[in-house]
Amino acid sequence: MKSLDSVTNGGKTTLAKNLQKHLPNCSVLSQDDFFKPESEIETDENGFLQYDVLEALNMEEMMSTISCWMENPPHSLVSTHEESTEEIPILIIEGFLLFHYKPLDTIWNRSYFLTIPYEECKRRRSTRVYKPPDVPGYFDGHVWPMYLKHKKEMENVSWEIVYLDGTKSEEDLFSQVYEDLTQELAKQKGVRVTA
């Protein structure tokens, strides 16, 4: 399994979809698909909805989806490598709190984290439309501080995380990760998962 984690608007979804287009037998699972309904999201003392915490996500449902995929990964009959007799199923899991949920710790065989500076993150976020919409001060009062908190906590993980510069072009990021994954896959047999 492979993982792609990053701050909001760091480029993880774009990179995951790009990899899916080019890797045979590749599936993508997005942590964003597991947000609880807005009515179940807590509000902090400033009135900000707390979306950047694990409690805002239905992680049990996400783990169930991952388990189902691992038990029955899809297979393609198309091979992109002439010397390959079998294609290895790949699951890329992309999200923003993947490395903070302990049950996921044991499934990663390759982990990536995209970083972008404050100014670029704020600029990208301002171009997106969210439901519910960001209220004034939400980025500075909640989103960025939570990112810094989570990034600091990542220093304690027990596996290797490859840090990627999210300000690089989509093509450069894709090339870097694609090359790394194809080398990794060449070394291994069986099911692979990425976050």
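Between E45 and T167, the simple label model (points 7 Å from Cα in the Cβ direction) yields a spacing of 3.4 nm. For region 6-126, what does the convex hull of the Cα positions come to per residue, in cubic angstrom? Taking the convex hull of the Cα positions in region 6-126, it is 137 Å³ per residue. With protein chains left intact and a 1.4 Å probe, residues in the chain average 54 Å² of accessible area per residue. Among Y130, Y101, Y147, the residue with the largest mean-square fluctuation in a Gaussian network model of the chain, with springs joining Cα atoms closer than 10 Å, is Y130. In whole Å, how far is the Cα centre of region 146-173 from that of region 3-69? Cα centroid to Cα centroid, the span is 15 Å. Using DSSP loop states and a limit of at most 12 other Cβ atoms within 10 Å to flag trypsin sites (Lys or Arg not before Pro), what is the longest stretch of the chain containing no flagged site? For trypsin sites (Lys or Arg not before Pro) (loop position, at most 12 other Cβ atoms within 10 Å), the longest site-free span of the chain is 1-127.
When the Gaussian network model of the chain links Cα atoms closer than 10 Å, the mean-square fluctuations of D44, D172, D180 top out at D44.
Dividing the mean sequence gap of close Cα pairs (under 8 Å, 6+ apart) by how many residues the chain holds gives a relative contact order of 40 percent.
Applying the Karplus relation 6.51 cos²θ - 1.76 cosθ + 1.60 with θ = phi - 60° to region 32-48 yields 3J(HN,Hα) values of 4, 6, 10, 5, 6, x, 3, 5, 9, 8, 6, 10, 8, 5, 8, x, 7 Hz, where x marks Gly and Pro.
Each principal axis of region 147-186 carries a Cα extent, and these read 31, 25, 8 Å when sorted largest first.
In the chain, the longest principal axis of the Cα atoms and the axis of helix 170-187 are about 50 degrees apart.
The values are calculated or read from the model by the stated rules, or taken from the named source; none is laboratory data. Fair warning: this is a prediction, and the values are worked out from it, not measured in the lab. Positions of Cβ are backbone-derived with ideal geometry, glycine not excepted, and every protein chain shown enters the neighbour counts. SASA here: full protein model, heavy atoms, side chains in, ligands and nucleic acids out. Shrake-Rupley method; radii C 1.70, N 1.55, O 1.52, S 1.80 Å.
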